[in-house]
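Engineer: Starting off with a structure, shown below.
The values are calculated or read from the model by the stated rules, or taken from the named source; none is laboratory data. Small disclaimer: the values here were computed from a predicted structure and weren't measured. All Cβ positions, even for glycine, are placed from backbone atoms using ideal geometry, and neighbour counts span all protein chains on display. Protein only, heavy atoms only, side chains kept; ligands, DNA and RNA dropped before computing areas. Shrake-Rupley method; radii C 1.70, N 1.55, O 1.52, S 1.80 Å.
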Amino acid sequence: MGTSDVNANSSSSSLVKEFLHKCGGVAVIDGGFATELERHGADLNDPLWSAKCLLTDPHLVRAVHLDYLEAGADIILSSSYQATIQGFKAKGYSIEESESLLKRSVEIACEARDVYYNRCRESSADHSTDGKVLKQRPILVAASVGSYGAYLADGSEYSGEYGDAVDLNFLKDFHRRRVQLLADSGADLIAFETVPNKLEAQLLAPAQAFVELLKEEDIKTPAWLSFNSKDGVNVVSGDSLSECAAIGESCEKVLAVGINCTPPRFILDLILSIKQVTTKPILIYPNSGESYDGIRKEWVSNTGVTDEDFVPYVNKWCEAGASLVGGCCRTTPNTIRAIHKSLSGKRTV
């Protein structure tokens, strides 16, 4: 199910409702990307993080997308979370080259979807002997847009502390060209991820910067808005999650609102909080719950939940109202495969 399958005049809400109906009521989002790139041999010790592979190892990016599709993901996110024109320029690339790399991130995801569909056509069963999910089904490509803090690569997307010099107009100017390029890249939707504060969320609020940007650039691609929390109550900046989620509810271009890159133990209460302020589908893709050592720049072993422990959480989240579920940092294709398997018996198709 690419953009060509969606009526140009259909609303954001009808897009997601039709997609969820075809998925049987619940859709599976893919999982952590950087960890999988490293598992495939990539070196991500760089301010560009996973976006570095758009330059050095695009074949690995495609391979990770395929791993998640074959694990049962219905939505794959482009490797553009930390990809910005500003970031590429800092590495010595021209504006034209930087813009091309942004668009390439979505092209690679779409290519992976095409390869996957070919494999499905060549397969005689929904599952191969090695457990791969090979089933013709609607698949969406989401263009990932990380927060300003992700570009800074200083951990501020996990604090929301940008400093007094960063205001709404600054963020609007920072995001403008990237969003325009990704909206025109062939993606089915834009995924605004790991939004750490109310200020950046206001880029999506009526009469605020991002909606002005949508009008100015005639951007028609719908979006989802996903926040992160470290206490199970507020977003990481301390702003009210309810107020942030309400911003998404008020914007017709936003097709779903939710939480990502947050420990699983916090998710249930966050879903209940979001349900109070939105009628839109709720998306949930937490991290593994592991702790990150910012000084050593590595994950602390044995601090998260196993795939076996992750799945019981998923069932509770769906019962509470989540309809798009996946994983973020440190989750793997095995995590997504377990989610897919768990949800298969609950779907209506």
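Engineer: Lys52 versus (1) more than 16 Å from the chain's Cα centre (by Cα); (2) open to solvent by less than 10 Å² (accessible area, probe 1.4 Å); (3) modelled with pLDDT under 95: which is the lone unmet condition?
Structural biologist: (2)
Engineer: For the range 321-345, name all the residues that are touching a helix residue (DSSP H, G or I) at 6+ places or on another chain (Cβ under 7 Å), open to solvent by 40 Å² or more (accessible area, probe 1.4 Å) and not polar (S, T, N, Q).
Structural biologist: Hits for the range 321-345 are Arg330, Arg337.
Engineer: Please tell me if Ile139 is under 24 Å from Leu15 (Cα atoms) and in contact with a strand residue (DSSP E or B) (Cβ under 8 Å, 6 or more places away or on another chain).
Structural biologist: Considered against the rule, which asks whether it is under 24 Å from Leu15 (Cα atoms) and in contact with a strand residue (DSSP E or B) (Cβ under 8 Å, 6 or more places away or on another chain), Ile139 comes out as yes.
Engineer: Further question on the same structure: So for the range 172-183 (the condition being open to solvent by 10 Å² or more (accessible area, probe 1.4 Å), over 22 Å from Leu102 (Cα atoms) and at pLDDT 70 or above), does at least one residue qualify?
Structural biologist: Looking through the range 172-183, none of the residues is open to solvent by 10 Å² or more (accessible area, probe 1.4 Å), over 22 Å from Leu102 (Cα atoms) and at pLDDT 70 or above.
Engineer: Pull up the range 60-92, narrow it to residues that are closer than 14 Å to Arg177 by Cβ and assigned to a loop (DSSP other than H, G, I, E, B), then point me to the one that is farthest from the chain's Cα centre (by Cα).
Structural biologist: Per the stated criteria, the residue is Thr84.
Engineer: Could I ask something else about it? Just name the residue that is surrounded by the fewest Cβ atoms within 10 Å (Cβ to Cβ) out of those in the range 105-155 that are outside any helix (DSSP H, G or I) and of a type in the set (Lys, Arg).
Structural biologist: Selected residue: Lys135.
Engineer: Hey, does the range 287-298 have a residue that's open to solvent by less than 70 Å² (accessible area, probe 1.4 Å) and of a type in the set (Phe, Trp, Tyr)?
Structural biologist: No, because not a single residue in the range 287-298 is open to solvent by less than 70 Å² (accessible area, probe 1.4 Å) and of a type in the set (Phe, Trp, Tyr).
Engineer: Here are the criteria: (1) at pLDDT below 90; (2) among the hydrophobic types (A, V, I, L, M, F, W, C); (3) open to solvent by less than 30 Å² (accessible area, probe 1.4 Å). Tell me which single one Trp224 does not satisfy.
Structural biologist: (1)
One line per residue, one yes/no per condition, for (1) within 20 Å of Asp154 (Cα to Cα); (2) without any contact (Cβ under 8 Å) to a residue 40 or more places away in the chain; (3) in contact with a helix residue (DSSP H, G or I) (Cβ under 9 Å, 6 or more places away or on another chain); (4) not charged (D, E, K, R):
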site	(1), (2), (3), (4)
Phe33	yes, no, yes, yes
Leu77	no, no, yes, yes
Ala90	yes, no, no, yes
Tyr93	no, yes, yes, yes
Glu97	no, yes, yes, no
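For (1) of a type in the set (A, V, I, L, M); (2) under 17 Å from the mean Cα position of the chain (by Cα); (3) open to solvent by less than 40 Å² (accessible area, probe 1.4 Å); (4) more than 19 Å from Lys346 (Cβ to Cβ), each residue gets a yes or a no:
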position	(1), (2), (3), (4)
Ser250	no, no, no, yes
Tyr285	no, yes, yes, no
Asp307	no, no, no, no
Glu319	no, no, no, no
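Engineer: Output the number of residues of the range 23-54 satisfying the condition of being out of contact with any strand residue (DSSP E or B) (no Cβ under 8 Å at 6 or more places or on another chain), outside any helix (DSSP H, G or I) and farther than 15 Å from Asp67 by Cα.
Structural biologist: 9
Engineer: For a quick check of your reading: which helices (runs of 4 or more DSSP H) sit entirely within the range 233-337 and have at least 3 residues that are among the aromatic types (Phe, Trp, Tyr) and touching a residue at least 12 places away in the same chain (Cβ under 8 Å)?
Structural biologist: Details: elements: 241-249, 264-275, 307-320.
Answer list for the range 233-337: 307-320.
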